Structures are given as structure tokens and as C-alpha cells.
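Chemist: Before we start, here is the structure in question, set down as C-alpha cells.
The values are calculated or read from the model by the stated rules, or taken from the named source; none is laboratory data. Since we're looking at a predicted model, the values are computed, not measured. With ideal geometry, Cβ positions are generated from the backbone for all residues, glycine too; neighbour counts draw on all protein chains shown. All accessible areas refer to the heavy atoms of the entire protein, side chains included, with ligands and DNA or RNA removed. Shrake-Rupley method; radii C 1.70, N 1.55, O 1.52, S 1.80 Å.
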Amino acid sequence: MQMDCKRKGDILIVSMNGELDHHHAEKIRDSLDKQLEDNSIRYLILDLKNLHFMDSSGIGVFIGRYKTITKRGGRVCITNINPQLDRILEVSGLRRILKEYDTVKHAVDSIRGVSK
Amino acid sequence: MNVKNEMKLEFLSRSQNEAFARVAVAAFAAQLDPTLEEIADIKTAVSEAVTNAIIHGYDNPNETVQIITRIYDNYVEIEVIDQGRGIEDIDLARQPLYTSKPELERSGMGFTVMETFMDELEVSSAPGQGTKVRMVKNISNDTQETERD
């Protein structure tokens with residue numbers, strides 16, 4: 001499980017690669033929290049294009065970061081959802097609280113549209 | 001219905017074995033020619049049950065988690081067994097969003113995921129006597145479909 005982070009102003013774009021289960025959840029959570037220590041980050045885009053598996057451990061990671069970002073008045077977006085993740089996102093209710101976009105570019109454009 | 005095939009798997013209660021367990025069970029179940037979606041459902045449910053055994057069943061990484069998988073004509077039966085501390089109130093544990101370990105940022109969705117992704121879920125447990133999770137997934141096995149693994 002790997003994670004690549006990229007900053008665009010107040011947006012943090014995180015590409016997740018691999019499988020997010022309990023074994024990897026703690027490491028991913030800690031890395032994300034380290035990035036989010038920077039209070040100027042208001043928007044988090046989680047790009048799931050290369051996330052090939054996620055169970056409820058991943059749901060916990062997403063919800064925790066969602067709480068951090070919404071406390072700042074920001075927003076968490078998910079992009080490039082592949083069929084493997086469809087059902088877990090649906091069952092967990094994450095689709096109701098996270099904004100979903102086809103691509104990272106669409107998410108960035110939407111954030112820029114509302115933040116200006 | 002007769003068992004067509006069976007496998008037993010034992011591994012230490014270490015989190016790095018979660019991926020091994022779900023892939024091994026999915027590979028075994030592939031004999032029934034499931035769809036990609038059915039395989040994904042099985043992998044997720046097994047991952048949840050094994051994670052529960054490791055996090056909630058045991059305190060240390062040197063205990064044993066056992067999985068028994070049986071293949072029948074059109075369904076697969078999976079049992080995930082630990083000899084750990086057991087569950088005091090099974091109904092409470094199965095409630096969506098309930099977790100006994102909120103400090104670990106668990107979502108409390110494990111049993112809900114197993115229930116949703118599989119066709120049957122039975123949990124047998126008693127304090128101090130371990131836990132057995134039995135799950136059944138029906139495999140449509142319709143050869144007309146084209147989306148096959």
C-alpha cells in the first residue's frame with residue numbers, strides 16, 4: 001500500500017495505491033494526519049484509481065479524515081472509483097458524505113469554483 | 001447437499017496475514033466460476049472476519065486463526081474461527097457502527113459488511129470460548145453470463 005501526496009494551494013491530492021485493510025490502515029492514517037497538520041489544507045482529494053481493495057478499516061480512515069477537514073470548513077472528495085470499491089462505499093454511507101468526481105481535475109475545478 | 005471440495009487454513013493472528021487469507025479463500029472459491037463481483041464480495045467479507053479475529057479475538061500476534069472453506073454445487077461456505085476472548089453480546093456487536101475499540105478508529109461496520117456482501121451470516125461465540133463466523137455466498141454459476149473471472 002502506497003500513497004502519493006501533491007499540494008495545490010489549499011488542496012491536498014492523495015493517490016492511493018494497493019489494498020487498504022486493517023494491516024495498512026494505521027500507517028495510512030498516520031501519514032495522512034501528518035500531512036493534515038498543515039492547517040492551510042482545507043480540501044482533501046482522495047484519488048482511488050489504483051486502490052484495488054478496501055474493507056471497513058478503510059471506512060474508518062476516511063471518516064476520521066472527513067471529520068478533521070470538515071472542522072476546518074473544508075471538503076473531502078473521492079475520485080476515480082473503480083468497481084471493486086463501489087459496494088463498500090455504498091454500504092458504508094461514505095457516498096452520502098464525500099463528494100464524488102470522475103477525475104481529480106473535475107474535483108479541483110469544482111473546489112476552485114466554490115472557493116472563489 | 002454434498003461437499004464438492006474443502007480446504008482448511010491456519011495462520012498466526014498477524015495483520016499481514018489478512019491479505020493472504022482473503023486471496024487464498026477467493027482463489028479456492030474460484031472453482032465455482034464466480035463473477036468478479038462475487039469474488040470481490042468474498043474477499044471483503046473474509047477480510048472483515050479475519051480482522052475481527054485478530055483485533056477483537058486475540059491480544060497477541062502468536063495465536064491461531066483458522067479458516068475452513070467448503071464448496072458445494074452452487075454456493076461456498078466459509079468459517080472463520082478463533083479461540084480468543086469471545087463476544088459477550090453478539091446482537092450488540094452486529095449493530096451497524098458499534099465498535100468496542102473506538103480508540104482504534106474502527107468504523108463498526110465489519111458485521112454489516114459481511115451481512116450485506118454474503119447471503120448468510122451466523123456468529124457463534126461465548127466469553128472466553130472464541131468466536132466462529134460462518135458465511136455462505138451463493139454463486140450464480142450461469143454460464144450464459146460473459147463477465148467471468
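Chemist: May I ask for the angle, rounded to the nearest 10°, between helix A:104-115 and the longest principal axis of chain A, with both axes built from Cα atoms and the value confined to 0 to 90°?
Modeler: For helix A:104-115, the angle is close to 40 degrees.
Chemist: Can you give me the accessible area per residue for segment B:5-138, using a 1.4 Å probe, in Å²?
Modeler: Per-residue accessible area for segment B:5-138 comes out at 42 Å².
Chemist: Give the accessible area for B:VAL23 in Å² (nearest 10); use a 1.4 Å probe, count only protein heavy atoms, and leave out ligands, DNA and RNA.
Modeler: The accessible area of B:VAL23 comes to roughly 70 Å².
Chemist: Residue by residue, what Karplus-based ³J(HN,Hα) values in Hz, rounded to whole numbers, does segment B:118-134 have, using 6.51, -1.76 and 1.60 with θ = phi - 60° and x for Gly and Pro?
Modeler: Rounded to whole hertz, the list is 10, 8, 9, 9, 10, 10, 10, 6, 8, x, x, 10, x, 9, 10, 10, 10.
Chemist: Of all DSSP beta bridges located in the protein assembly as shown, what percent are antiparallel, nearest 5?
Modeler: 70 percent
Chemist: How many partner chain Cβ atoms sit within 10 Å of a residue's Cβ in peptide B:100-113, on average, as a whole number?
Modeler: Mean number of neighbouring Cβ atoms from other chains: 5.
Chemist: Heavy atoms only, probe 1.4 Å: what % of the accessible area of segment B:5-138 goes to carbon and sulfur, would you let me know?
Modeler: 46 percent
Chemist: Determine ³J(HN,Hα), in whole Hz, for all residues of segment B:93-105 in sequence, where each value follows from phi through the Karplus function 6.51 cos²θ - 1.76 cosθ + 1.60 and θ = phi - 60°; x replaces Gly and Pro.
Modeler: The phi angles translate into 4, 7, 4, x, 6, 6, 9, 8, 10, x, 5, 8, 6 Hz.
Chemist: Shielding of B:37-46 by partners, i.e. mean partner chain Cβ atoms within 10 Å per residue?
Modeler: The per-residue average across the peptide is 3.
Chemist: Enter the angle in degrees (range 0 to 90, nearest 10) between the Cα long axis of helix B:17-29 and the first principal axis of the Cα atoms of chain B, meaning the one along which they spread out most.
Modeler: For helix B:17-29, the angle is close to 30 degrees.
Chemist: Please list 3J(HN,Hα) in residue order for segment A:91-97, calculated via the Karplus relation 6.51 cos²θ - 1.76 cosθ + 1.60 where θ = phi - 60°; whole Hz, with x for glycine and proline.
Modeler: Going residue by residue, I get 4, 6, x, 4, 4, 7, 10 Hz, with x marking Gly and Pro.
Chemist: Relative contact order for segment A:1-101: what percent, with Cα pairs under 8 Å and sequence separation of 6 or more?
Modeler: About 27 percent, as a whole number.
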